[in-house]
1. Starting from residues that are in contact with a helix residue (DSSP H, G or I) (Cβ under 6 Å, 6 or more places away or on another chain) and assigned to a strand (DSSP E or B), keep the ones in region 26-51 and report whichever is surrounded by the fewest Cβ atoms within 10 Å (Cβ to Cβ).
2. Hey, could you check region 61-77 for residues that are touching a helix residue (DSSP H, G or I) at 6+ places or on another chain (Cβ under 9 Å) and in a helix (DSSP H, G or I) and say which is surrounded by the fewest Cβ atoms within 10 Å (Cβ to Cβ)?
3. Taking residue 1 and the conditions (1) closer than 25 Å to residue 170 by Cα; (2) surrounded by fewer than 19 Cβ atoms within 10 Å (Cβ to Cβ); (3) under 17 Å from the mean Cα position of the chain (by Cα), which numbered condition does it fall short on, given that it satisfies the others?
4. Among the residues of region 15-36, which ones are out of contact with any strand residue (DSSP E or B) (no Cβ under 6 Å at 6 or more places or on another chain) and over 16 Å from residue 68 (Cβ atoms)?
5. Consider residue 158 carefully, then state whether it is in contact with a helix residue (DSSP H, G or I) (Cβ under 6 Å, 6 or more places away or on another chain), under 26 Å from residue 87 (Cβ atoms) and modelled with pLDDT of 95 or more.
6. Among the residues of region 165-181, which ones are surrounded by 17 or more Cβ atoms within 10 Å (Cβ to Cβ), more than 13 Å from the chain's Cα centre (by Cα) and farther than 14 Å from residue 207 by Cα?
7. Where in region 182-241 are there helices (runs of 4 or more DSSP H), lying wholly inside it, with at least 2 residues that are closer than 20 Å to residue 138 by Cα and in contact with a strand residue (DSSP E or B) (Cβ under 6 Å, 6 or more places away or on another chain)?
8. Report, by residue number, each residue of region 144-154 that is in contact (Cβ under 8 Å) with a residue 40 or more places away in the chain and surrounded by fewer than 20 Cβ atoms within 10 Å (Cβ to Cβ).
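The values are calculated or read from the model by the stated rules, or taken from the named source; none is laboratory data. The model shown is predicted, which means the values in this text are computed figures rather than measured ones. Using ideal geometry, Cβ is built from the backbone for each residue, glycine included, and neighbour counts are taken over all protein chains shown.
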């Protein structure tokens, strides 16, 4: 039986690598995206992965989006909450709109999407929900009170939902990437990037396919005893107990 997976923010960066990795592992994948039609069209043409456009920060849009995925591919077995944005600013300069935009896309989306699939997973006795948090949700980061709060909130959400669903064959886990070599990070000034790399004990940035490998591991049917966990993938830049 082919498992059906949704990856939010699944056509670019880490999300694209996750979508491809799950497809290579035998899943039927739906890659969600919000706005970049050109990138999504190119991704679909290159990979053959179905793409679906909706705003994960909008609950009603998530209802319609998951219905569309189920109609085309089938009931959802695996949900990867990967979509996220940054709007960095020191708190004393941050306005309400900047705060709410990040919280909507990065945290509200986890509820919006999980709520759409959780009942079906419970009925079928199987599910995998994997939330992509961040090293900065674990340790905090100056200029990212909004992002750090949202990503930390994902970890709390994961621990609570894992307990609710443990007896239903559903696992809920986080992956907390460190600094990953994606288009977003490539826009950082060279001197700043050198400083970031110098702070990573393994001496390099992570690669998107390394995060994708973590997702495939947690999504696997054989990973059913792992739930409520946060898997750190940061090259020992921040070590948790």
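1. Selected residue: 51.
2. Checked region 61-77; the qualifying residue surrounded by the fewest Cβ atoms within 10 Å (Cβ to Cβ) is 67.
3. Residue 1 satisfies all of (1) closer than 25 Å to residue 170 by Cα; (2) surrounded by fewer than 19 Cβ atoms within 10 Å (Cβ to Cβ); (3) under 17 Å from the mean Cα position of the chain (by Cα) except (3).
4. 16, 17, 20, 21, 24, 25, 26, 35, 36
5. Criteria not met by residue 158.
6. 165, 170, 171
7. Of the helices (runs of 4 or more DSSP H) lying wholly inside region 182-241, those with at least 2 residues that are closer than 20 Å to residue 138 by Cα and in contact with a strand residue (DSSP E or B) (Cβ under 6 Å, 6 or more places away or on another chain) span 208-219.
8. 145, 149, 153 - these are the residues of region 144-154 that are in contact (Cβ under 8 Å) with a residue 40 or more places away in the chain and surrounded by fewer than 20 Cβ atoms within 10 Å (Cβ to Cβ).
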